[in-house]
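Notes for the one structure printed next.
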Amino acid sequence: MPTESMSHQLTLTVIPAVPLIRPGDDLASILCQSLLAAELPLVPGDVLAVASKIVSKAEGRLVRLADVRPTRRAREVAEACQKDPRLVQLILDESQEVSRLRPGLLITRHRLGFVCANAGIDSSNVGPAAAGEEQVLLLPVDPDGSAARLRAELGRQMGVELAVVIVDSHGRPHRMGTVGAAIGAAGLPALQDWRGRVDLFGRPLQHTVVGLADLIAGAATLLFGQAGEGTPAVVLRGIPYERREGNAAELVRQRELDMYR
């Protein structure tokens, strides 16, 4: 159960003027400076949602396609899905297995367990590239670890206890449209077990387990945008949650429970 009383107000606030992030940047210090410049202090219990792109950039997850040497397997898959074999090689390297492919589409089970297109590898908002220097951006190696480090450093610099959720954009099977999904989390339970709570008529809930981190990710994505908004960090205030360690790995459905495999 949440340790805080249920709030009837939830606020989402963009951290303004976050500069373009480059490999090696101290992301926590940059976000802290942007918060202070905007006079937006954090308070205990705040949740910071951060777009995975700026985490990946800070961690140097940029790859030049010119440096990639596709294998025979990558070339075969690339021919089937009509994608650049170098990109396909990176997708396969980041994946456990290919889930589906057709011309223009390659869906894999990422090495972190979730299923997504192109193993989360993206070229949008990566930055300008010179001729022959096309770059793509991979997801963080360990998003839960990244969230934990960001939480610890921001907590130290801002003097508050907060939670952090790292957000990526995912499509969904059986549903149209892209939504925000949590790929990293720290300081809160990614899943909240509501079994045993009662409804308005006193009936106990028997099956309700809430994907809290994904709900946060979806809400924050409304302000992140998907194009040139330049707003990769959002503070959410008023979310009731249990103050404990958690991680986004909790959200990955175990293979033995996956009825669609």
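With a 10 Å radius around each residue's Cβ, average the other Cβ atoms per peptide and rank 136-144, 63-71, 90-98, highest first.
Packing order, densest peptide first, comes out as 136-144, 90-98, 63-71.
State, to one decimal in nm, how far the label point of Arg73 lies from the label point of Ala38, with both points 7 Å from Cα in the Cβ direction.
4.3
Remind me, relative contact order of the range 62-137 in percent, using alpha carbon pairs under 8 angstrom and six or more residues apart?
Values: 123 pairs, mean separation 22.1, N = 76.
About 29 percent, as a whole number.
Hey, got a sec? Which trypsin sites (Lys or Arg not before Pro) in the range 134-218 land in a DSSP loop and have at most 14 other Cβ atoms within 10 Å? Could the numbers behind the result be given before it?
Numbers: sites: Arg149, Arg151, Arg156, Arg175, Arg195, Arg197; in loops: Arg195, Arg197.
In loop regions of the range 134-218 (DSSP not H, G, I, E or B), the sparsely surrounded trypsin sites (Lys or Arg not before Pro) are Arg195, Arg197.
Counting pairs of alpha carbon atoms under 8 Å apart in space and at least six apart in sequence, what relative contact order in percent does the chain give?
Numbers: 512 pairs, mean separation 69.1, N = 261.
Relative contact order comes out at 26 percent.
For helix 27-37, report the angle its Cα long axis makes with the longest principal axis of the Cα atoms of the chain; keep it between 0 and 90° and round to the nearest 10°.
For helix 27-37, the angle is close to 50 degrees.
Quick note: the coordinates plus some simple rules give every number you see, no bench work behind them. The structure presented is a predicted model; accordingly, all values stated were derived computationally and were not measured. Because the Cβ atoms are built from the backbone with ideal geometry, glycine has one as well, and the counts that use them run over all protein chains shown.
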